[in-house]
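These notes are about the structure you will find just below.
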């Protein structure tokens, strides 16, 4: 990690915190690259059945990117916000490719790492969830974002509240209703297939 | 569905989901006037109720059972230590404090019951306040990523159950072990904590022979109320079908506990009796083939007294009988009495001095000694005897440890877990350092160097080695509402040995007094020489206005950032602190430091900031003329603004005299000395600063800078490269290297170093001008002019250092302009103009009378 970009990330985070949406866009490639690097390292080090923890992964990427900067927690929350969205892309792409591979639809294009193994016991169909979330975004963008933060980013209720600028109580409420909606939506999808 | 419709549905749905399933229908009856809405909500409730309750409860990437390498907050899981009914336990590495800990993950059922979790949190907080050498410490209850876990001391060695498995202990050894268990129980009972699940499996014997009681009070914390239903006992539910182990807990359960009655500390006395019996005989005091039989034995049968070894004294037999009285009314009531009897019987000195129980006496005695009343006391043999008994000092007299003359306070860990509280724990760390640093005989590492270890993956002995200290203090801060709790532990570095631990809880208003008490206890513990004046410094402090104090701590937190934005925020917090409490010198000093930093880093015109810094420092001194930090801040402002060298020297010396442990005084004083051409003294001062703050990049780079001004360029390069090897992310060493290369005529290197320095200064800083200077000297006048032009244009709206512009003109050979800008630099009080007489880049101007005139105006002597 070169020091110059460490300062850059911090600066972008600060700017984004002040409402600069271009800064957010500029952050994405930096965070994405780092997330992939960290994820690869994790996977290379451990046995293939080692399970990843999204929050740990994002956290490490964060530490590496804003190395030694004053820990301004709003920035951290914003960072996790971006990372959650990227985690969603990484994971859903991965699930989609695996699905495609199973159906024999040519060589999978793995976005994260060929070795990445998602836990077997997973009940949530990530591809279906992704579709449902896209639909939910049309109804309530904030709720879709909230699910992204909690589920894909591994953010706690409090952290989610900071990123979205709402109270933890609201996060809990929105989480519960969004979850019910998604469950119904995914069930219908399933039935329709 | 339309978004607007969803908002409507969502509102009703949220309210319905918050109700119990049985009440939802009734709620919908009154909330839904329109049948379509109701149908919609009902279908969502149905999806919710039929769906997996675990749906999305875990983040997309699984948590599952924790595998090696998994991270929980700062903890990295190393290995499972076995599962109990109270959750799985793991050995983990605490990356923040560089030590191993035990982590007990709370079962998921807890987390879904907020009331139960809250109750547990309260219990855990209380248990964490137990600090005793024979009790395995609970560091705290933490949460990361939805996983709640207890962080506890990791105790090496075998459990007593394992030890007993190898056979009964010799009587003397059994008593030694039991004595320590009794001490642990006594300390806990004094704090109102009952163990409730004492058994051989819950007591560990470390390789050094120390006894540690585990899981204190957890039985209650997990069950949540006083009366324990046997079937609810954690150990019972844990053990599955293994019959022999199922009987584990009831075998130590007191009759009243077995009957489900309310339990008090006498239940622990009973369990202690069972434990001692088993140590002596390697047999359970109450046995049975089944759970019912075991409980029947507890309720009705007497233990087999014949099984006790013949060498068991009558006193111990009697003690066992009194501990194992079925009627709690007739049982020994106080474990302290048990402890005394065991001690008398074994006639052994107490093993593992109980800090928690005897500390107050000891402190009183030591206080008396420190006050010089000692002479009288020492004359009487008895008092010495008492002293020796109360303070066997296993740590110093016989422990083979060297004296403790230097100390590092590691960043106190913030336990509340809310990231916004960082400033508070950091502030506490800082205050503790400041208090301890006042003791002349003790070298205490400064803030910058210890902050490096916040979140570092290093062992305490390694840290101590790097900082070259004898001992390390670590601890935690919990700040909640108006209460503050601090726990602190002292660890002897060479052997990583725990010397002392204590926990304090106070109102925020008494925070200064609390910190001093911690400092004083540490000083007492390490038995360093303390002068009577120092003793006064450490004895109590006036109450503070808690709001003002918090604002002050936030100010210091932002001050540490040394960015323009951070400094501005710091100023507003310090001003808030002054508004709320105008009597304290601290916030004024903080204000002075902030203005000093804004000026010397040239974020703002120095002409504006230094007078403000000076005024604030004087205000601080008006409130406390002995406030060392304020004298240093005042000196720094005068050095930059008034050029009254005598006053500068007086103020720095006063600051150092008042608080010889404040690294900043030496650091700044060194700056003054180098400006005066007193390089040897400057190096001595900066070296002292470095001893106190070994990892500060600024201080480390300063050695190189002094050598540069002393024109010892090769040595300067060596020092600066050393500084860079320690910390390559600091801009100062690169910048100073550039200056040195410039003087050596290595312009290419100079330019490259300046560029590196600029890269690290993300925005701000005028070091473009140094590049211009380098290009000019290298003969690239065009590039130099371009940069200079840019800076001059910028200087119209913003502040640009006139001194640096003057240097570029000097490098370009344009003397006329150089002097014009030097004149402006003087008027504007350019930062570091105080180095005028020694600055090699201005050598070309030395022969000009205008240079001499400027020196005179600044009260400087020509050098060289």
Output field shielding_mean for B:554-566 (other chain Cβ, 10 Å radius) holds 1
Counting other beta carbons within 10 Å of each Cβ, put B:323, B:32 in order, fewest first. B:32, B:323
Expressed as a whole number of Å, what is the distance separating the alpha-carbon centroids of region B:780-829 and region B:706-764? 21 Å
In whole Å, what is the distance between the alpha-carbon centres of region B:314-343 and region B:4-46? 63 Å
Looks like region B:1-60, by Cα gyration tensor root eigenvalues a ≥ b ≥ c and the a/c under 1.5 rounded cutoff (else prolate when a/b is bigger than b/c, oblate otherwise), is oblate
Partner shielding of B:70-81, taken as the mean number of other chain Cβ atoms within 10 Å, equals 2
Mind checking the full-extension length gain between residue B:191 and residue B:299? Use 0.36 nm per residue of separation minus the Cα-Cα distance, one decimal, nm. 36.0 nm
Here the relative contact order (percent) of region A:122-193, from C-alpha pairs under 8 Å and at least 6 apart, is 32 percent
Suppose the chain between residue B:820 and residue B:579 were pulled fully straight at 0.36 nm per residue; how much longer would it get relative to their current alpha carbon spacing? 82.5 nm
Quick one: check the C-alpha center-to-center distance for region A:118-180 versus region B:257-274, whole angstrom. 48 Å
In terms of the Cα gyration tensor, with a ≥ b ≥ c the square roots of its eigenvalues, is region B:545-660 rounded because a/c is under 1.5, prolate because a/b exceeds b/c, or oblate? oblate
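No value in this document is a laboratory result; all are computed from the given coordinates. Keep in mind that this is a model prediction, so the values were computed, not measured. As a convention, Cβ positions derive from the backbone with ideal geometry for all residues, glycine included, and neighbour counts pool all protein chains shown.
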